[in-house]
Amino acid sequence: MTDKKTAKVAVITGVSSGLGKAAAVKFMRHGVKVVGISRSKPDFEPDLWIEADITKPEDREKALKQTMKKFGRTDVLINNAGKGSYSTWEELSEQDLRDIFELNFFALSAMTKIFLPLLKESKGTVMNVSSIAGDLYVPCMGAYCATKSAVTTFSNTIRPEVKRYGIKVIDVAPGRINTGFSSRSLGNRQPPHTPGGGSPDAFAAALFQAWRKSCRSLIYPGWNRIAVPMLKFFPGFYDRLSIRIWKLDK
Ligand SMILES: NC(=O)c1ccc[n+]([C@@H]2O[C@H](COP(=O)([O-])OP(=O)(O)OC[C@H]3O[C@@H](n4cnc5c(N)ncnc54)[C@H](OP(=O)(O)O)[C@@H]3O)[C@@H](O)[C@H]2O)c1
């Protein structure tokens, strides 16, 4: 069934859990039609759910086709699906390194490219979920940090390229948010326990506002805007702290 006379349409990757799910629920609550993409079925009902592994070109094509068929438009593409990796570079396998880049970076850039024609039509927005970790180098998360730095570079370089089409690009850099993300990560290490961590719903509210205001970037929570440059200002201290936290002195 087609449903083309709709309000705005958001295509969100990684809706079966965590930040993607919270974002989908938030956007739907505000009357935005949500196309949710993931490999496993979410426990809520997006307006359209597409079972897809976004690392596969044929699944990305399917996602585009089904979105076109049902809604005929896309106003915002939220490239959220991603995974972590916890191991030193020495321990990291070649396969894990390739897998994490495949999902966190190559699939994200391919999704953007394939949805560009629809985004041109709507003068829409691309929101790329990177991470604070992409800016703040974290030992034992090197591969993950590298993918997220690549995402931010992608956002910052494609933004001026697509401005002529009226497309906005927002780089979204969350800090730690309680989603169970680390339990689904690659690698042989456990991240150290750190107290705190934001709520997915509060993040989703900030994400929605960033879209409404067409921000250039979103750093969430906001205090990371100060904390990250502060830590980088004292590189020796930050290295020593990291060695202690990750028990790299043993
Ligand atoms: N949570 C944090 O503290 C944090 C901090 C900074 C940045 N981030 C970033 O935020 C994003 C979401 O993280 P999260 O915490 O919400 O993680 P999460 O709860 O593990 O969710 C990841 C989502 O990605 C989907 N996904 C994984 N592989 C996929 C594939 N090949 N094709 C399609 N979908 C796939 C998963 O669904 P299926 O398994 O069902 O496919 C799931 O819905 C990630 O990019 C992450 O790097 C998270």
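Packing, as the average of other Cβ atoms within 10 Å across residues, places the peptides 138-151, 229-242 in the order 138-151, 229-242, highest first. Under a model in which nothing but the beta-carbon of Lys, Arg (+1) and Asp, Glu (-1) is charged, the chain shows a dipole of about 980 debye around its Cα centre. Per residue, the accessible area of segment 9-245 comes to 49 Å² when a 1.4 Å probe rolls over the protein heavy atoms. When peptides 184-192, 156-164, 111-119, 9-17 are sorted by average Cβ neighbour count within 10 Å, with the highest value leading, the order is 9-17, 111-119, 184-192, 156-164. Past the 19 Å Cα-Cα mark, which pairs from K168/K232; K26/K65; K26/K213; K62/K123; K148/K232? Distance filter (> 19 Å) returns K168/K232; K26/K65; K62/K123.
For the chain, find the longest principal axis of its Cα atoms and tell me its angle to the long axis of helix 142-162, 0 to 90°, nearest 10. Helix 142-162 sits at roughly 40 degrees to that axis. Rg ratio for segment 109-224: its Cα radius of gyration over 2.2 N^0.38 Å, N being its residue count, equals 1.14.
Take 170-176, 222-228 and order them by the average number of nearby Cβ atoms within 10 Å per residue, most first; the result is 170-176, 222-228. Around the amide H of L186, modelled in the peptide plane, lie the amide H atoms of G84, S85, Y86, all under 5 Å away and 5 or more residues distant in sequence or on another chain.
As a calculated quantity, the FRET efficiency between Q209 and K247 at R0 = 45 Å, using C-beta atoms, amounts to about 0.70.
If you line up the long axis of helix 200-212 against the longest principal axis of the chain, both from Cα atoms, how many degrees apart are they, to the nearest 10? Value to nearest ten degrees: 60.
The values are calculated or read from the model by the stated rules, or taken from the named source; none is laboratory data. Since the model is a prediction, treat every value here as computed from it, not as a measurement. Backbone-built Cβ (ideal geometry, glycine too); neighbour counts: all protein chains shown. For accessibility, only protein heavy atoms count, side chains too; no ligands or nucleic acids. Shrake-Rupley method; radii C 1.70, N 1.55, O 1.52, S 1.80 Å.
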